[in-house]
Amino acid sequence: MNRSGPDFLELKCIAKSYGGLPALDDISLTVETGQILCILGPSGCGKSTLLRVMAGIELPDAGQVLIDGLDMTGVPVEHRSVGMVFQDFALFPHKTVAGNIAFGLEMMKLPRGEIVRRVADMLSLVDMADYGNRQIHQLSGGQRQRVALARSLAPQPRLLLLDEPMGSLDRALRERLVQDLDIILRHIDMTAVYVTHDHAEGFGIADQIAIMNQGQIGQVGTPEQVYRHPGSAIIARFLGFDNFLDGTLESGGMVKTGVGVFNTCESNHRVGETVKVLIRPDAAVLEMEGQGAPDQNRVSGKLVSRMFQGRNYRIRVRIPNGDELVFDLPNQPAPPGIGGDIHLLIRNSAITVF
Amino acid sequence: MNRGPQNAPLIWIAIPLVLLAVFYGYPMAAILKTSFQMDGNGGLDQVFHILSSRMFGYALGFSLFQAVLSTLLTLGFALPGVIMFLLCDFSGKKWMQLLASLPFVLPTVVVASAFRALWGSHGMVNSFAVHYLGFHSAPFNLDYGLPAVLMAHVFYNTSVVFKLVAGFGANLDRSLIDSARSLGASTRIIVFRILLPLLKPSVTAASLLVFLFCFCSFGVVLILGGPGFSTLEIEIYRQTVHFFNLPAAAILSLVQILFTGMVFVVYLKLQKHHPAAPFNTGGAGLSLPVRSRMNRLGIRFFQSAWILFLGLPLLSLVIGSIYTDTGFSPVFFMELFRNPDQSVFYISPFRAIVHSIGFAGTATLISMMIGIPVAAYLSSTSGRIRPVIDILFMLPLSTSAVTLGFGFIIAFDRPPLDLRGSWILIPMSHALVAFPFVVRVLVPAFQGVSERLGEAAALLGATTGQIWWKIIFPIARKSIAGATIFSFMISLGEFGATAFIARPQTSTIPVAIFRFLSQPGSLNQGQAMAMSCLLLLITVFGFLWVEWLIAVEPKRACV
C-alpha cells in the first residue's frame, strides 16, 4: 500500500477568483509519484476549478503548478501531457469508440500501425476489446466511462485527472466501477487526482484525501486518518457526522458534558477549556443488562426512531438536554422499541474533540 | 406531447382551416388553373413553350446561380465569425450578437436602401472617395448589379447562419473541447476535427435556409439587381406587371412553388434526422480565455470586419437620410409629411405610413387568430393527424411572397371572391407570411408548460378552457407577446406580396420606398433613405423589445 515516491505534482499557493469571488484561496498540495489523491468536497467548493488549474484548462491568478519538478503554470493544456476524464465523459459523438481512443495518439502523430496497436491495448485494458467499432450512443453509461478512461490513458500521460468520473452513473454501478478503476490505475502505476463529492467513492480509491471547503484545503491525510480524526467540525459535518456535544476539558483527557464524562485521550486543548465533542455514529454498542453501568463513555436517552438498514439499525436517541444523537448499531441484538429508554457504550477511539 | 388521453378536437382550428383554404389553397389553385388555361394557344403546348423559352432558362439558371453564390459567400463570411464567437472569450460579445441577429428582421427594402446608401454612386463610400481621396468622379458604380445583390444577401443571411449555428453550438458540451485539448489538440484541430463536424447538422440546415431565402429573394434583387438581372421572382413580377402575361407568370410561379417546396422538404427531413446532439445541461458555452497576442489581434480584426460589414450599411442609411446637397438637414423627413398631390400615381409618404400601421395591426390580429389556435392544437395533439396539420400550416412558409401575391391577384379579381378593391387582401397576405412564424414560436412555448401542470389543474377541477386561459397562456405570455411584435414587424416590412396587391391608394411604406428608390433625383433618393430610416427605427425597436422579452423570461420552474 505504501508506494510513496518523490512529489510528482506540486501546487504552490494557487489562487483564483471569478468576478471578485475567490474560488481557490491559497492552495498548496502535493501528490507523490504513483499515488492517487482524492479531492473531496461539497459541490461548489472549488474542487473542479482546482483540477482544471492542474490540467491547464484554467490559469490561476497566482501560484505555481509544478509537474515532475518543472514549472508548468503557463503551459496550456495541449502541451502538458496530462490525461483527463470528465464528468459526462465528453466522448466525441461523431467518432467511434476506437476513433475516440485514437484521437490523442493522432495528435502525437504516431504511425498508423502503432495507433491501431495502442488502441487495441487500451480496449483490452478496460475490458472492451470487441467494442472498437461501436458508436458512442450505442454504449451504456458504464461502457462510456471506460472508453473515456481508455481515451485519456492512450497517450500515456504522466498524470491523470478525474473530474467526478462516476457523477452520472447510478450507485450500484459506481461501486463496481470504482473498484475496476482502482485496479487499472494501480496496474499501470498511474499518478492520479480524483475529484468527487462522494466520500465512499473517495475513501475507496484514494491513497491520500484532501478535504476542500470554500476554496480552501481543510485537511490532508490517508482515508483512515481523515475518517477517524476529522480536522474540524465542518469537515466532520461534511463526512456526515452530526453528533456533537458541548463540554469542558478536565485533566487526563476527560471531557465533561451534559450527558456524562468521556475519556478522549485529548491533548491539544488546555484543561478547563470549552470544547466540542464529536461521537462517530459507528462507535456505539448497546449496554447489556446487568453489566453494571460504567461512569464514563456512556450515553443514555429515549429512543426517538429506529430504522432497519440490513447490516445495522440507524437509531435516533434524545438525550436529557433535548438534543438528538444518531447511531448505527449492529443488527444484533435489536434495540428496544420506540419511546423506550436506551443506554449505549461508546468506544473512546470514536471520539474526537475540537 | 399529449395533454390527457384524447387529442384536441379539430374544431379548435376550424377558422384557421377555412382561412387557409380560402386565402392560400384557392390562390394556389388559381395559379395551377391559369398555368394550364385552355383559351388561346393554351394547354400543355403553352407550358412547354414557356419552359423551353430563353427567358425561363435564363431566369431559372440565374436564380440558382446567384442563390448558390450568395449561400457560399454567406457561409464564408459568417462561419469564421460564428466559430470565433463560440470558441473565444472577448469583450463586446453581447453587442456582436445583437448586431449579427438584427439584419434578419430588417425589411428587404431597408437592406436595399442601406446598400444603396453605402455603395451607390452618391453613397457614403463614393462621397468619401470624391471628397477626401481626390477622385473626380465616383470610383465605384454599385447602384445595380450582382455585387450589390450578393453583398445584401450576405448581409441579411449572416443572421440566419449566426442564429442557427451559434445557437446550436452554444449548447455543445464544453468538456468536449477541453478533452480534445487535454489530448493535445491545437485550436486548428479543434475547429476542423471537433467543432465543425459537431456543428455540421446546423450548418447544413442554415445553408439550405439561406439558399431558399436567396432563391426567393425579391425586394433586394428588384431594387439592387437592375434591368439586366432576372430571377424567377423578378420574371413573375415582370410578366405580370409589365407584360400582363398571366399564364407565363403562373407557370413560373408553379416552377417556383415546386422548387422551394422541394428544398423545404429536404430541410424538414434534415431537421427530423437530427443526430443525438451532445448537449450539456448547463449551457455554459465553449468560450476559452484568449491568451496569445496574435489571437487577440486576430479577434479584433474579425470583430472589426464583422462590425464594419454589418454596421456600416445601417449607419450610412442613417447618414444618407439627413445628408443633403447643402449639408446635414432634416429636409427629407419633413418632405415625407408634405403632400404636393402632383399626380394620381403619386404616393403620399404620410398616407403610406398610416396605411402600413393599419395593415400591420390587422395582419397581426389575423395571424394571431390563426397562429394561437393552431399552436394550441399542435401542442396538444399527438395522433396521426398531427404531422398533416403541421405540414398544412407550414406550407405558406415554403411559398415565396411573390407567388403568394401573384396568386392573390389572379384569384380574387372575379366572382365568387371579387376583392379587387378591398384593402383586406394586403393584411391577409401579410398574415399568411407571418403566422407560420407565430406557430413556430408558440408551439414550443405551449409545450414548455409542463403536462403535469395541466394534469394538476384538471385534478383540481379546471376545465380544458380554464387550463388554457388560467395556466398555459399566462405562463407563455412572453412568447405570445414576442410573436405579436414579430407579426407586426413582418407585416410592416413585407414587400414581395404587397408589390402585387397594393394599389397607389393603398400603398405601404416598403412600396413607397421602392417607388422613391426607382426614381432619379436626390430628393427621391433622400426621401427613400428617410422612410427606410423610420422603418429601420421601428424594426430595431421591435427587435430589441423581443430580445428583452426573451432575456427576462424566467427560467421555467416546470420541466
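Taken together, the values in this text are just the output of simple stated rules run on the coordinates, not laboratory data. Since the structure is predicted, the reported quantities are computational estimates derived from the model, not experimental observations. Cβ atoms come from the backbone with ideal geometry, glycine included; neighbour counts cover every protein chain shown.
Summary table
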| quantity | calculated |
| --- | --- |
| Selection from B:ILE190, B:LEU254, B:VAL111 lying farthest towards where the dipole of region B:56-323 points positive, charges on Cβ | B:ILE190 |
| Placed amide H near A:ILE209: partners under 5 Å, 5+ positions off or other chain | A:CYS38, A:GLY221, A:THR222 |
| Extension gain (nm, one decimal) between A:ALA15 and A:ILE338, 0.36 nm per residue minus Cα-Cα | 111.1 nm |
| Relative contact order of region B:343-559, pairs being alpha-carbon contacts under 8 Å that are 6 or more residues apart, as % | 31 percent |
| For region B:56-323: rounded, prolate or oblate by the Cα gyration tensor [a/c cutoff 1.5] | oblate |
| Theoretical ellipticity at 222 nm over chain B - DSSP helices of four or more residues, -39500 (n - 2.57) apiece, nearest 500 | -21500 deg cm²/dmol |
| Highest-fluctuation residue, A:ASN213, A:ASN263, A:ASN312 considered, GNM on chain A with Cα pairs under 10 Å | A:ASN312 |
| Using θ = phi - 60° and Karplus 6.51 cos²θ - 1.76 cosθ + 1.60, couplings along region B:188-201 (whole Hz; Gly, Pro as x) | 4, 5, 4, 5, 7, 10, 10, 5, 4, x, 5, 7, 3, x |
| Positive-end residue of A:THR49, A:THR257, B:SER422, charge dipole of the protein assembly as shown with Cβ unit charges | B:SER422 |
| Residue-wise HN-Hα coupling along region B:404-420, computed from phi with Karplus coefficients 6.51, -1.76, 1.60 (Hz; x: Gly, Pro) | 4, x, 4, x, 4, 6, 8, 8, 9, 10, 8, x, x, 10, 8, 10, 3 |
| Cα-based Rg and Dmax for the protein assembly as shown, where Dmax is the largest Cα-Cα distance (Å) | 36.3, 122 |
| Interatomic Cα distance distribution for region A:244-353, bins of 10 angstrom, percent | 15, 47, 30, 8, 0 |
| Lys/Arg +1, Asp/Glu -1 at C-beta; region A:183-265 dipole; positive extreme among A:ILE188, A:GLY221, A:GLN208 | A:GLY221 |
| Shape call, region A:7-238: gyration tensor on alpha carbons, a/c limit 1.5 | prolate |
| In sequence order, calculated HN-Hα J values of region B:490-502 (Karplus, 6.51, -1.76, 1.60; Hz; x Gly/Pro) | 4, 5, 4, x, 4, 10, x, 6, 4, 4, 7, 7, 5 |
| FRET efficiency, A:ASP323 to A:ASP282 (Cβ-Cβ, R0 30 Å, nearest 0.05) | 0.95 |
| B:ASP390-B:SER91 FRET efficiency (beta carbon distance; Förster radius 45 Å; 0.05 resolution) | 0.60 |
| Net charge, A:CYS13 excluded, C-beta distance under 14 Å - Lys, Arg +1, Asp, Glu -1 | -3 |
| Contact order normalised by residue count of region A:158-307, Cα under 8 Å, 6+ apart, percent | 14 percent |
| Lys, Arg +1 and Asp, Glu -1 on Cβ, resulting dipole of the protein assembly as shown about Cα centre, debye, nearest 20 | 1500 debye |
| Relative contact order [Cα under 8 Å, 6+ residues apart], chain B, whole percent | 24 percent |
| Set of region B:532-550 residues, backbone N closer than 13 Å to the point 7 Å along the Cα-Cβ line of B:ILE357 | B:535, B:538 |
| Distance between modelled label sites at A:LYS302 and B:LEU72, nm, 7 Å Cα→Cβ extension | 8.7 nm |
| Label-point gap, in nm, between A:GLN138 and B:PHE48 - each point 7 angstrom along Cα→Cβ | 5.3 nm |
| Efficiency of FRET between B:TYR26 and B:ARG293 - r from beta-carbon atoms, R0 51 angstrom, step 0.05 | 0.20 |
| Debye, to nearest 20: dipole size of chain A, +1 on Lys, Arg Cβ, -1 on Asp, Glu Cβ | 660 debye |
| Proportion of all alpha-carbon pairs of region B:465-530 beyond 18 Å (%) | 58 percent |
| Interchain or long-range residues, amide H under 5 Å from A:LEU162's placed H | A:VAL85, A:VAL193, A:TYR194, A:VAL195 |
| For chain B, convex hull volume per residue from C-alpha positions, Å³ | 176 Å³ |
| Along principal axes, Cα extents of region B:343-559, largest first, whole Å | 68, 43, 25 |
| Spin-label pair B:TYR58/A:ILE188, simplified geometry with 7 Å Cα→Cβ offset, distance in nm | 6.8 nm |
| Long-range amide H partners of B:THR324 with built H, under 5 Å | B:SER329 |
| Residue pairs, from the table B:LYS269/B:LYS470; A:LYS16/B:LYS478; B:LYS272/B:LYS478; A:LYS276/A:LYS302; A:LYS95/B:LYS94; A:LYS109/B:LYS272, whose Cα atoms sit over 30 Å apart | B:LYS269/B:LYS470; A:LYS16/B:LYS478; A:LYS95/B:LYS94; A:LYS109/B:LYS272 |
